[in-house]
Amino acid sequence: MTSTQSSPSSPRIPPAALAAAAFGAQLALRGKSPSRRSTTLLAGGLVLGAGWFGLGAVVRFRARGTTVNPVNVGGTALVVDGPNSVTRNPMYVGLALGLAAHAVHRRALRGLLPVAGFVAAIDRLQIPAEEAALRERFGAEYERYVATTPRWLGLP
């Protein structure tokens, strides 16, 4: 673990607070008004994706009786189906897609900068601690999951 990554025991900013900060930064950046049909449709598609990833993961976590609390990492089950079969972090992908939808709807290309900042912060500050806790809790089962499923989207 590098010095820029948080350890499982280090205090972290809740991901919802990071997403709210990114949303606030987007609001501070001027967009072009009003929204066009094309940007509304694209934003709507992004919102649907955000819902599938984010809410789909929450539903599966709850069905398996495991926590969705990202601050106190203590999963009781390793969820690897549904959105978790596409990415190891579907809730964060959902938040990022929601933020991207907001930028697109406002026609604010600069509004994608806070999305990138959110992804970078989550990737460096939150996810390493979660991965360490899951590695400790689930061992080889988690390692197999990591080998076949990307942290975000794309290749593992």
Exercise for the section: Please specify each residue of segment 8-42 satisfying the condition of being of a type in the set (S, T, N, Q) and either on the phi > 0 side of the Ramachandran plot or exposed (fewer than 12 other Cβ atoms within 10 Å of the Cβ) (or both). Expected result: Ser9, Ser10, Ser33, Ser38
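State all residues of segment 14-42 that are among the aliphatic types (A, V, I, L, M) and out of contact with any Gly (no Cβ under 7 Å at 6 or more places or on another chain); if no residue qualifies, say none. Spell out the reasoning first.
Taking segment 14-42 and keeping what is among the aliphatic types (A, V, I, L, M), we get 16-22, 25, 27-29, 41-42.
Within segment 14-42, Ala16, Ala17, Leu18, Ala19, Ala20, Ala21, Ala25, Leu27, Ala28, Leu41, Leu42 qualify.
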Exercise for the section: Output yes when any residue across segment 57-78 is of a type in the set (Lys, Arg), in contact with a helix residue (DSSP H, G or I) (Cβ under 7 Å, 6 or more places away or on another chain) and either farther than 23 Å from Arg144 by Cα or at pLDDT 95 or above (or both), and no when none is. Expected result: yes
Exercise for the section: Write out, first by first residue and then by second, each pair whose Cβ atoms fall under 6 Å of each other, whose residues are 6+ apart or on separate chains, and whose first residue, in segment 142-153, is touching a residue at least 40 places away in the same chain (Cβ under 8 Å) while the second is part of a helix (DSSP H, G or I). Expected result: Tyr142/Leu134; Tyr142/Arg135
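The values are calculated or read from the model by the stated rules, or taken from the named source; none is laboratory data. Treat the numbers as computed from the prediction; the structure is a model and nothing was measured. FYI the Cβ positions are ideal-geometry reconstructions off the backbone, even for glycines, and counts take in every protein chain you see.
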